[in-house]
Amino acid sequence: MVTIDVLVADDSPLMQRIITKLLESEPGIRVVGTADDGRQAIECVGRLSPDVVVMDIDMPNLDGLAALRHIMQQRPTPVVMVSGIADASAALRALELGAIDFVAKPSGPISIDLYEVRDELIAKVKLASLVSPVPIEAGSMRAPLPLECQPPRGHMSLVAIAASTGGPQTLGHILRQLPSGLPAAILVVQHMPAVFTATFAERLDRHSSVTVREAGDGDTIRSGVVYIAPGGVHMTVVKDGRGPALRMEETPPVNAVRPSADVLMSSVALVAGRSSIGVVLTGMGNDGSDGLAQIKHAGGATIAQDEESSIIFGMPGSAISQGVVDRVLPLIEIPAALVDAVRQCADEVNPQ
């Protein structure tokens, strides 16, 4: 059996002991060291070379976010953040900086209720141990791409994007480069807890030229807007008297997730047909593969992130293996490919 070596970084000695006990209750996981703050965490990563770091956000001297940034720049190592759920913005910032995942501490007595998240913590540490962290290129901060065309009046493509592990930083890279006048609405399924999706949308909106918002039931879909699916419900597209609109449905999970990209993409293919575009980004599992197949069958365009730039190649790899992907691209090329796909949709629907 392969042993996963873990470093635990938390300023509370009690938390260090509890997390260590939880992790080592699972065969194959070994805690090789503990750190009291971010500075010690950085030193221990260099000295111990752990397979995974489990790290708190709120620590003295150097907090978990600063330590994470340094680790990802100097010695990329899979990191799972563990902290209170109150500050969703800090948790999302950790994911943007390259943390593999996040586990929220329960709100009740720590010594009792932390055991409630044992299985989640162990599962995420195991997943993290399989990951080779991929730094986002310096190009992620580039200015938005030029539109380079006057969109035909009334035309709107529907772009459906699926992402999971590694998605927050990947989506940030893509949306920062999309031009505000793009004649498309972008619908995003990012697998994350419901308490995070509104804050996630707000953070993306602050750093993008396009408008980003958490989707709501009954929203009329507008060109140039990015809609983030709320956690815990499926997001679908329907037609009403004003045009395409969004519906939120509490139907059973698909692919063990809700929202599911397959559910969204299937509805996009039905409503938009040849003006639909599907994109599957980094993530565990196979969500999005069947949805891309529906978009491709409807005459739309399909894109998947390549293995080298993916944190986890599960979702894009599954779609590629099913033969439903038109273009397999590194992350840095996906924004321009999206703009090109939208432009081609407009040209086909409104030939000159």
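The values are calculated or read from the model by the stated rules, or taken from the named source; none is laboratory data. The model shown is predicted, which means the values in this text are computed figures rather than measured ones. When we count neighbours, we look across all protein chains shown, and the Cβ atoms used for this are built from the backbone with ideal geometry, even at glycine.
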Worksheet item: Residues that are small (Gly, Ala, Ser) and touching a helix residue (DSSP H, G or I) at 6+ places or on another chain (Cβ under 7 Å): which helices (runs of 4 or more DSSP H) entirely in region 1-100 hold 2 or more of them?
Response: 38-48, 64-74, 88-97
Worksheet item: Looking at region 235-244, is at least one residue touching a Gly at 6+ places or on another chain (Cβ under 7 Å), under 21 Å from PHE200 (Cα atoms) and of a type outside the set (Val, Ile, Thr)?
Response: no
Item to complete: Filter region 206-222 for residues that are outside any loop (DSSP other than H, G, I, E, B) and modelled with pLDDT of 95 or more and give the result.
Response: THR211, VAL212, ARG213, GLU214, THR220
Worksheet item: Out of curiosity, is ILE71 in contact with a strand residue (DSSP E or B) (Cβ under 8 Å, 6 or more places away or on another chain), closer than 17 Å to ILE100 by Cα and surrounded by fewer than 24 Cβ atoms within 10 Å (Cβ to Cβ)?
Response: no
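So that you can scan it fast, the table gives a plain yes or no per residue for (1) modelled with pLDDT of 95 or more; (2) assigned to a loop (DSSP other than H, G, I, E, B); (3) of a type in the set (Asp, Glu):
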residue	(1), (2), (3)
GLY273	yes, no, no
GLY278	yes, no, no
GLY285	no, yes, no
ASP290	yes, no, yes
ALA293	yes, no, no
LYS296	yes, no, no
ALA304	yes, no, no
SER310	no, yes, no
Worksheet, complete the sentence: Being at pLDDT below 85, of a type in the set (Gly, Ala, Ser), more than 18 Å from MET284 (Cβ to Cβ) and crowded, with 18+ Cβ neighbours inside 10 Å narrows ALA201, ALA104, ALA138 down to just ALA104
Fill in: Top-ranked residue in region 223-253 [being of a type in the set (D, E, K, R) and exposed (fewer than 13 other Cβ atoms within 10 Å of the Cβ); ranked as modelled with the lowest pLDDT]
ARG242
Worksheet item: If we scan region 232-245, do we find a residue that is assigned by TED's automatic domain parsing to the domain that holds GLY181, within 18 Å of the chain's Cα centre (by Cα), in contact (Cβ under 8 Å) with a residue 40 or more places away in the chain and part of a strand (DSSP E or B)?
Response: yes
Worksheet item: So ASP87 fits all but one of (1) closer than 21 Å to GLN169 by Cβ; (2) crowded, with 21+ Cβ neighbours inside 10 Å; (3) not β-branched (Val, Ile, Thr); what number is the exception?
Response: (2)
Worksheet item: Is at least one residue of region 46-58 among the hydroxyl-bearing types (Ser, Thr, Tyr), surrounded by fewer than 24 Cβ atoms within 10 Å (Cβ to Cβ) and more than 22 Å from the chain's Cα centre (by Cα)?
Response: yes
